[in-house]
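The next block holds one structure in the form of structure tokens; read it before the comments.
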């Protein structure tokens, strides 16, 4: 199970991971109502945001068993608007030009935007607030929210909407199970000068990180830089990092680069094949995935 990607429904697979074996979890689940991955059991197309949030939180409740008491949980999650299918002609032209859509963590050719109409339970065009709903529900379930990190994307695709600003950030939440947990303090250069010398300071919570892509697949992937710090902070050398929504395998790549192990869970076969190709150069044995 170590350094493998397990195909299946995360609700089922996560129960098979042995108790107290995972040092940290980091993941980016599908966002609500934005993509139809054409896979049975997918997350993100629930009837309401409440159903979506409850489903995600149920998954992380199951993850408590394999996650060590000293472990942390890091979740990258974005928001969505209560509106009809949003792709305008100008959006499509821009996406076709660059080959991918930075509004989403992953896109492959078989992924489609679902047909949808505004939900009647909230006002049309409102930002649904799903990251906030998720964070509050996690707190209510006794997870400890330690940080809200802002991932600022300096090269985001401009919105075609003329009645609001372009959204150029997403959230990365850091949770722990207990008040005391494993955490390797991260530092960054300080702008303050002391006797002419710049000192390092504890890392801040607004991170300027450009989105990345996999050109051969028109695939906007989880940027390595976004999770390098968290994996360094949350997992000791030789430890295990779990990603319940493995996608293109970036969590595995960063873990291996830092001499750590990974466990991935992924529902989509096509994603797993992409991840295999990306991970192979970093594996210690050629027989991996055979």
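A few remarks follow.
- Of the set (1) under 21 Å from residue 230 (Cα atoms); (2) without any contact (Cβ under 8 Å) to a residue 60 or more places away in the chain, all apply to residue 161 but (1).
- Strands (runs of 3 or more DSSP E) (entirely within the stretch 183-290) containing at least 3 residues that are at pLDDT 95 or above and either touching a strand residue (DSSP E or B) at 6+ places or on another chain (Cβ under 7 Å) or crowded, with 22+ Cβ neighbours inside 10 Å (or both): 206-208, 240-243, 261-266
- Qualifying residue in the stretch 164-179 (condition: out of contact with any strand residue (DSSP E or B) (no Cβ under 6 Å at 6 or more places or on another chain) and in a helix (DSSP H, G or I)): no
- Within the stretch 9-27, considering residues that are modelled with pLDDT of 95 or more and part of a loop (DSSP other than H, G, I, E, B), the one surrounded by the most Cβ atoms within 10 Å (Cβ to Cβ): 17
- When the stretch 62-97 is filtered for residues that are modelled with pLDDT of 50 or more and exposed (fewer than 14 other Cβ atoms within 10 Å of the Cβ), the ones remaining, listed by number, are 69, 84, 85.
- Some residue of the stretch 28-45 being at pLDDT 90 or above and either surrounded by 16 or more Cβ atoms within 10 Å (Cβ to Cβ) or not in a loop (DSSP other than H, G, I, E, B) (or both): yes
The values are calculated or read from the model by the stated rules, or taken from the named source; none is laboratory data. If you're wondering where the values come from, they're calculated on a predicted model, not measured in any experiment. Neighbour counts are summed over all protein chains in view; Cβ atoms, including those assigned to glycine, are modelled from backbone coordinates with ideal geometry.
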